[in-house]
Amino acid sequence: MNRFTEIVPLVLTPLTPIYIGCGEDSEPTNYVIDGGILYGFEPSRLGLTSEDRQHLIECAGRPADGAVRAVQEFLHKRRNQCRNVSHLALPVAAGVARRYERRIGQVAQREPRGRTVTNRLEIERTAHHP
């Protein structure tokens, strides 16, 4: 038998919790949380007006982390529209929803010389079906 394809029974005892992800993350530009529900959507399906499109381009063109904050705020203000084009609706823990509301479009930290660190708000997805 070829050792490369040999099947060997094995038992592992983890010493710490194990994170099993699915390799798919929710970025703050493709989800909103509203009423304790995470709505995943494709941003290109929003059907923006020409004014909204121009505003989004201006938001994305801001320097450094300002662009991330501005785009987060832009989408959060249009969360009803994002919800209407969502392809995914998952309940989230109350603490996750509160943290999202507090941090959307906000600076997480101010460092020396005026540098800021923005809340990225990525969510690592661990399941495909609730």
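Please treat every number below as a calculation from the coordinates, not as lab data. Quick caveat, the model's predicted, so the values are computed rather than measured. Counting neighbours? That spans all protein chains shown, and the Cβs are built from the backbone with ideal geometry, glycine included.
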Calculate one ³J(HN,Hα) per residue across segment 5-16 by plugging θ = phi - 60° into the Karplus curve 6.51 cos²θ - 1.76 cosθ + 1.60, and present them in order as whole Hz with x for glycine and proline. 9, 5, 9, 10, x, 9, 10, 10, 10, x, 9, 9
With 10 angstrom as the radius, rank V32, V8 by how many other C-beta atoms surround their C-beta, starting from the fewest. V8, V32
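So for segment 4-52, what are the equivalent ellipsoid semi-axes in whole Å, largest first, each being the square root of 5 times an eigenvalue of the Cα gyration tensor?
Working: eigenvalues 365, 53, 12 Å².
Ellipsoid half-lengths, sorted descending, are 43, 16, 8 Å.
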Taking placed amide H atoms and a strict 5 Å upper bound, the residues 5 or more places from D34 or on another chain that come that close are Y39
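For D25 and A93 in one chain, what is 0.36 nm times their gap in residues minus the Cα-Cα distance, to one decimal in nm? Don't jump to the answer; show the numbers that get you there.
On the way: separation 68, 0.36 × 68 = 24.48 nm, distance 1.69 nm.
Additional length available on full extension: 22.8 nm.
Run through every distinct alpha carbon pair of segment 22-120 and return the Kirkwood hydrodynamic radius in angstroms, one decimal place. Mind dumping the intermediate values first?
Working: mean 1/r = 0.0700 Å⁻¹.
14.3 Å is the Kirkwood radius here.
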Rounded to whole Hz and in sequence order, give me ³J(HN,Hα) for segment 62-73 from the Karplus expression 6.51 cos²θ - 1.76 cosθ + 1.60, θ = phi - 60°, writing x for Gly and Pro. 5, x, 6, 6, x, 5, 4, 4, 5, 5, 4, 5
Determine the sum of side-chain charges near S26: Lys and Arg each +1, Asp and Glu each -1, restricted to other residues whose C-beta is under 13 angstrom from that of S26. -4
